[in-house]
Amino acid sequence: MSNQIDPRVLRTRKLIMEAFIELSMKKDFKDITIKDITTAATVNRATFYYHFIDKYDLLEKVLSESVMREVIQEVSTHEEINEKTLEAIFFSIIKFLTSISNQCQRSYEAFTPQIETIFKNELQVFFCEWGQKQWFNHNKMEVEAVAVMLSWALYGAASHWMQNQTTQPEDYVKQLVHLTKKMD
């Protein structure tokens, strides 16, 4: 027997997620109800709860899937962790945050803590996987420590740039990479 998911289940999940995204563009997150989501998605409450625990779970899934799709697209051409990879990830974070803040202006602040957590966790996993291949002569704990540092630093730098925007993102990230080289 196949482990393939029924396409109707995937379509329904996508409908719910798209309805939530549309509502997020019109209403504050705190004001979005399950009834709003199910009405917009044309599904019943039981169907919603089959797919998601609550609206916070839905938010996490929407952000997580969007984040990973964006980041993976941006860095899939890279084969190792280097300056170009770090720059590409920085730009993908900026691109994603800008997109979310423009699309969901009303709910952006409510999404920020979840976005940060998801980005840091997903980047950490990404760096651990790449780091274990690239730095095979280091133990797992060292690779994990570097992965945590890189993921938090990149997200923090992107957040800092988003809040200040005193320079072009290209100049900002080049300056960061240059400073980290000086510290070697």
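Any residue that is within 17 Å of the chain's Cα centre (by Cα), over 21 Å from HIS78 (Cα atoms) and not in a helix (DSSP H, G or I) - is there at least one of those in segment 160-170? Checked segment 160-170: no residue is within 17 Å of the chain's Cα centre (by Cα), over 21 Å from HIS78 (Cα atoms) and not in a helix (DSSP H, G or I). Counting the residues of segment 35-46 that are part of a helix (DSSP H, G or I) and in contact with a helix residue (DSSP H, G or I) (Cβ under 7 Å, 6 or more places away or on another chain) gives 6. Close Cβ contacts (under 7 Å, 6 or more residues apart or on different chains) running from residues in segment 75-91 that are more than 17 Å from VAL148 (Cα to Cα) and without any contact (Cβ under 8 Å) to a residue 60 or more places away in the chain to residues that are open to solvent by 20 Å² or more (accessible area, probe 1.4 Å) and among the acidic types (Asp, Glu) comprise ALA88/GLU74. Filtering segment 78-93 for residues that are more than 21 Å from LEU176 (Cα to Cα), out of contact with any strand residue (DSSP E or B) (no Cβ under 9 Å at 6 or more places or on another chain) and part of a helix (DSSP H, G or I) leaves an empty set.
Given LEU154, LEU97, which one is in contact (Cβ under 8 Å) with a residue 12 or more places away in the chain, buried (at least 16 other Cβ atoms within 10 Å of the Cβ) and over 30 Å from LYS27 (Cβ atoms)? Spell out the reasoning first.
On the way: LEU97 fails: over 30 Å from LYS27 (Cβ atoms).
Testing whether each residue is in contact (Cβ under 8 Å) with a residue 12 or more places away in the chain, buried (at least 16 other Cβ atoms within 10 Å of the Cβ) and over 30 Å from LYS27 (Cβ atoms) leaves just LEU154.
Of the residues that sit in segment 129-143 and are over 20 Å from HIS78 (Cβ atoms) and not in a loop (DSSP other than H, G, I, E, B), which one is most open to solvent (accessible area, probe 1.4 Å)? Ranking the candidates gives MET141 first.
Restricting to segment 115-128, name every residue that is open to solvent by 60 Å² or more (accessible area, probe 1.4 Å) and under 19 Å from GLN73 (Cβ atoms).
Let us first name the residues in segment 115-128 that are open to solvent by 60 Å² or more (accessible area, probe 1.4 Å), namely 116-117, 121, 125.
ASN121, VAL125 - these are the residues of segment 115-128 that are open to solvent by 60 Å² or more (accessible area, probe 1.4 Å) and under 19 Å from GLN73 (Cβ atoms).
Within segment 47-72, being loosely packed, with under 13 Cβ neighbours inside 10 Å and either of a type in the set (Gly, Ala, Ser) or outside any helix (DSSP H, G or I) (or both) holds for ILE53, ASP54.
Restricting attention to segment 25-46, the residues that are open to solvent by 40 Å² or more (accessible area, probe 1.4 Å) and more than 19 Å from CYS104 (Cα to Cα) total 6.
Looking only at segment 157-169, which residues are touching a residue at least 40 places away in the same chain (Cβ under 8 Å) and either hydrophobic (A, V, I, L, M, F, W, C) or open to solvent by 90 Å² or more (accessible area, probe 1.4 Å) (or both)? Give the steps one after another, and end with the answer.
Initially, segment 157-169 is screened for residues touching a residue at least 40 places away in the same chain (Cβ under 8 Å), giving 157-159, 161-162, 169.
Selection gives ALA157, ALA158, TRP161, MET162.
List every residue pair whose Cβ atoms lie under 6 Å apart, where the two residues are 6 or more positions apart in sequence or sit on different chains, the first residue falls within segment 100-114 and is open to solvent by less than 40 Å² (accessible area, probe 1.4 Å), and the second residue, located anywhere, is of a type outside the set (Ser, Thr, Tyr). What qualifies is CYS104/MET25; SER107/ASP28; SER107/PHE29.
The values are calculated or read from the model by the stated rules, or taken from the named source; none is laboratory data. Computed from a prediction, not measured in an experiment: that's the story for all the values here. Cβ coordinates were reconstructed from backbone atoms using ideal geometry, including for glycine residues, and neighbour counts include every protein chain displayed. Accessible surface is based on the protein model in full, side chains and every heavy atom, while ligands, DNA and RNA are left aside. Shrake-Rupley method; radii C 1.70, N 1.55, O 1.52, S 1.80 Å.
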